[in-house]
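The structure under discussion appears below in the form of structure tokens.
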Amino acid sequence: MLYGFRPILLSGLELLIVISLVMVCLAQLFLLFSFLWLDISSALSFGGKPNSLIKPYRAVPLQDIVTWDAHSIFVRGERILFYSGEFHPFRLPSPGLWLDVFQKIRALGHVSFDGVFALEPFFEAATEAGIYLLARPGPYINSELSGGGLPGWLQRIKAPVRTATQEFLNATEKYVETVGSIIAKAQITNGGPVILFQPENEYTSPLAVQICWNLRNSWIPNTWPTLRINTGERTYGGTNWGNMGHPLGYTSYDHGAAVKEDRTIVREKYSEAKLEAHFLQASPAYLTAIPGNPTYGAYAQNVDVAVTLLSGAKTQFYVTGGSLTLYGRDSKIHVVDYDVGGINLIYSSAEIYTWKRSGNKSVLLLYGGERETHEFALSSELGKPSVEGNGVKITQKGSETIVQWTATPSRKVLHYGQSLDVYLLWRNDAYNYWVLDLPAPAPMGNYTSFSKANSSVIVKAGYILRSAAVSGTTLYLTGDLMLRQNFRYETECTYRTSNNPRNLTTPTSLYGGDYGFHAGSLIYRGHFTATGHERTFNLSTQGGFAFGHTVWLNKAFLGSWPGIDAYENYNQTFNLPSLIGGGQYVLTVVMDHMGMYMEFVVGSNTMKAPRGILDYSLEGHAKSDVVWKMTGNLGGEQYRDLVRGPLNEGAMYAERQGYHLPDPSSQIIIITSPAK
């Protein structure tokens, strides 16, 4: 993965860094740390040197570590695929958390300050995670920042900004000099992670490059190369702290990024990006394939299906989109004559996740959407495979062995002796597989390289795996577990009366205060036996102005009320999926408790306004058919946090386990095996 940053001009010595992931990240001081990450996971190798190195435009090249040809960048003779997104370090102003984000981006398959110029922790985190950086030092970096990162004092100069006027160039001189020296120290030629440099933000002509940086040195080429770079939006957005945002933005800068603002990776966008990135990393032929024009009917019988051919020296990539025999609109990449470690995959309608070598054996992972039927072919010289699982059809046609299968959650593996194993995965199961490269000696380290195809591990492990290492005969894996909510401390809602001024409209009280929960979030779970005829669930909750609630049925998300400042309670009807008669189901309601009102008027009982579920109805059922339990802060009125008191926490699992405390109990540390 590569990341890049672009520093911005603030005032005086201020520099802001904006991380704009373009696969390589460089630093941009607190003017704005603008870092662009590029996907190092796509450091693809063809071996040897590129066909043409840097041209001696005005001088002899000063180095040959980073070079290019007509297709891509090379690092140490290996092709690098720029699979890019954004990560702005100044929107996560905690250097200790940068490695966490870098590792999560690295796992996709991409590639405290001592002072405002102390970027060493950022460079160190990128190196440890194995991410190259692309320097994008501005001075203008856009990034939805106030002034696009330009300092307010530039309003006082007469010249228009971002132009070649001498007054503006003079205003950038100190910034360019300072930031340039910092970037230079972190270059790959000095052992750092920086491999590329992009002046300014989204200029479209070489002439514009000189506007701010005024580069009169001989390394600026007369002819600029055309390279294949996959640029994308931010992979981690973060937060607009303080007054850094522009007037049309919000405090949150999440933007639906693959890594959420809270740094979790629960969005499907993350998993989809991981599938795509690892396919590209495992497919070096993609980098030199020549794309044609989209066609309708040329490669598919259905004229509604668009097919684009990417033609390589041997491997052909067919990108399809439209209404296939799929479920709805979709897009896929099919391959022909695809190299799997020396074995020719003649064709595959299923998509490739990745492949690796294990000794003399290749391991290939194919995947498809649920209930999709797929087919692939290999040479019959490999023999007929042994099969784990059901639903696989194998036929011989001439010199080819053809395998047809339907994607389901059940395990399906084909073993071609000691030559090849093929895993046939359901797409959602593929999300749980992680591809990790083992560390290599310096200078390669943790950076992704196609040369590591025989020194990688593929692990099915759930939430995330960050790194792998081998010591002797032991494999060490580092990762995170996603713990599920523990409801052992649930309180059964059994009170049939309440002293609350609001009369009950439910069989038992569902007011949080009746069960000792007076602050923080509240969680309810309603258990019922389905008839199979349920279609809707109506819910009325009250949490105070600007509160919100979210509802699930078992694991299915039904919907939510995000809240507005004018509503203290809300009624909402949810549509239910088809239920199985006799089946056991659980409705889960998570809601905010915004606190109790003040009792400003004596005897008004305003502070007694209930918090919790006011009423509900389940189509086809009496209210008593639903049995409710609830939970809030640990211990309720017998709260456990004796230092901070009862208003410090709510019902969330991490709070109930004490993870947020400065000295959490050692009991929360779980030592286990990934096999359990």
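Out of N454, N428, I need the residue that is surrounded by fewer than 19 Cβ atoms within 10 Å (Cβ to Cβ), at pLDDT 90 or above and within 28 Å of A129 (Cα to Cα). Which one?
Numbers: N454 fails: at pLDDT 90 or above.
Being surrounded by fewer than 19 Cβ atoms within 10 Å (Cβ to Cβ), at pLDDT 90 or above and within 28 Å of A129 (Cα to Cα) holds for just one of N454, N428, which is N428.
With the condition kept exactly as written, say whether any residue in region 318-337 is part of a loop (DSSP other than H, G, I, E, B) and among the basic types (K, R). Talk me through it step by step, then tell me what you get.
Kept after step one, since they are part of a loop (DSSP other than H, G, I, E, B), are these residues of region 318-337: 323-329.
Checking which are among the basic types (K, R) leaves us with 329.
Yes, region 318-337 contains at least one residue that is part of a loop (DSSP other than H, G, I, E, B) and among the basic types (K, R).
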Taking S349 as meeting all but one of (1) surrounded by 18 or more Cβ atoms within 10 Å (Cβ to Cβ); (2) modelled with pLDDT of 95 or more; (3) among the hydroxyl-bearing types (S, T, Y), write down the number of the exception.
(2)
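Scan region 138-177 for residues that are assigned to a loop (DSSP other than H, G, I, E, B) and hydrophobic (A, V, I, L, M, F, W, C) and report the count. Before you say what the answer is, go through the steps one by one.
From region 138-177, those assigned to a loop (DSSP other than H, G, I, E, B) are 138-144, 150-151, 157-165; that's our starting set.
Retained after the next criterion (residues that are hydrophobic (A, V, I, L, M, F, W, C)): 141, 150, 157, 159, 161, 164.
Summing the residues that are assigned to a loop (DSSP other than H, G, I, E, B) and hydrophobic (A, V, I, L, M, F, W, C) in region 138-177 gives 6.
Which residue out of G526, G563, G543, G559 is on the phi > 0 side of the Ramachandran plot, buried (at least 17 other Cβ atoms within 10 Å of the Cβ) and within 34 Å of the chain's Cα centre (by Cα)? Working first, answer last.
Working: G526 fails: on the phi > 0 side of the Ramachandran plot; G543 fails: on the phi > 0 side of the Ramachandran plot; G559 fails: buried (at least 17 other Cβ atoms within 10 Å of the Cβ).
None of the others qualify; the one that does is G563.
So in region 504-529, with the set limited to residues that are in a loop (DSSP other than H, G, I, E, B) and at pLDDT below 95, which one is farthest from E568 (Cα to Cα)?
Only one residue tops the list, namely G516.
Out of all the residues in region 605-642, which are over 22 Å from H549 (Cβ atoms), out of contact with any Gly (no Cβ under 6 Å at 6 or more places or on another chain) and surrounded by fewer than 17 Cβ atoms within 10 Å (Cβ to Cβ)?
We begin by selecting, within region 605-642, every residue over 22 Å from H549 (Cβ atoms); these are 605, 620, 622, 624, 635, 637-642.
Keeping just the survivors that are out of contact with any Gly (no Cβ under 6 Å at 6 or more places or on another chain) gives 605, 620, 622, 624, 635, 638-642.
Selection gives N605, G620, A622, S624, G635, Q638, R640, L642.
Would you mind finding the one in G238, G249, G149, G242 that is at pLDDT 60 or above and in contact with a strand residue (DSSP E or B) (Cβ under 6 Å, 6 or more places away or on another chain)?
Numbers: G238 fails: in contact with a strand residue (DSSP E or B) (Cβ under 6 Å, 6 or more places away or on another chain); G249 fails: in contact with a strand residue (DSSP E or B) (Cβ under 6 Å, 6 or more places away or on another chain); G242 fails: in contact with a strand residue (DSSP E or B) (Cβ under 6 Å, 6 or more places away or on another chain).
Result of the check over G238, G249, G149, G242: G149.
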Number of positions in region 488-523 that are surrounded by fewer than 21 Cβ atoms within 10 Å (Cβ to Cβ) and aromatic (F, W, Y)
2
Please go through region 243-290 and give me each residue that is buried (at least 21 other Cβ atoms within 10 Å of the Cβ), of a type in the set (S, T, Y) and either touching a Pro at 6+ places or on another chain (Cβ under 9 Å) or not in a helix (DSSP H, G or I) (or both), ordered by number.
Y253, S283
So for region 432-440 (the condition being buried (at least 18 other Cβ atoms within 10 Å of the Cβ) and either among the charged types (D, E, K, R) or over 28 Å from P284 (Cα atoms) (or both)), does at least one residue qualify?
yes
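For region 273-312, which residues satisfy the criterion of being charged (D, E, K, R) and closer than 26 Å to R357 by Cβ?
Our first condition is that a residue be charged (D, E, K, R); within region 273-312, this holds for 274, 276, 304.
K274, E276, listed by residue number.
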Is there any pair with a first residue in region 388-401 that is within 10 Å of A377 (Cβ to Cβ) and in the same structural domain as L425 (by TED's automatic domain parsing) and a second that is in a strand (DSSP E or B) and of a type in the set (F, W, Y) whose Cβ atoms are under 9 Å apart and which are 6 or more apart or on different chains, and what are they?
T401/Y416
Given the criteria small (G, A, S), at pLDDT 85 or above, over 28 Å from the mean Cα position of the chain (by Cα) and closer than 30 Å to P443 by Cβ, does A184 qualify?
yes
By residue number, the members of region 587-605 that are in a loop (DSSP other than H, G, I, E, B), within 48 Å of the chain's Cα centre (by Cα) and of a type outside the set (G, A, S) are D592, H593, M594, M596, Y597, M598, E599, F600, N605
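Given the condition touching a strand residue (DSSP E or B) at 6+ places or on another chain (Cβ under 6 Å) and in a helix (DSSP H, G or I), answer yes or no: does some residue in region 123-134 qualify? Lay out the reasoning, then the answer.
The initial filter retains those residues of region 123-134 that are touching a strand residue (DSSP E or B) at 6+ places or on another chain (Cβ under 6 Å), namely 126, 131-134.
With the extra rule that they be in a helix (DSSP H, G or I), the set shrinks to 126.
Checked region 123-134: at least one residue is touching a strand residue (DSSP E or B) at 6+ places or on another chain (Cβ under 6 Å) and in a helix (DSSP H, G or I).
The values are calculated or read from the model by the stated rules, or taken from the named source; none is laboratory data. Please read all numbers here as calculations on a predicted model, not as lab measurements. Backbone-built Cβ (ideal geometry, glycine too); neighbour counts: all protein chains shown.
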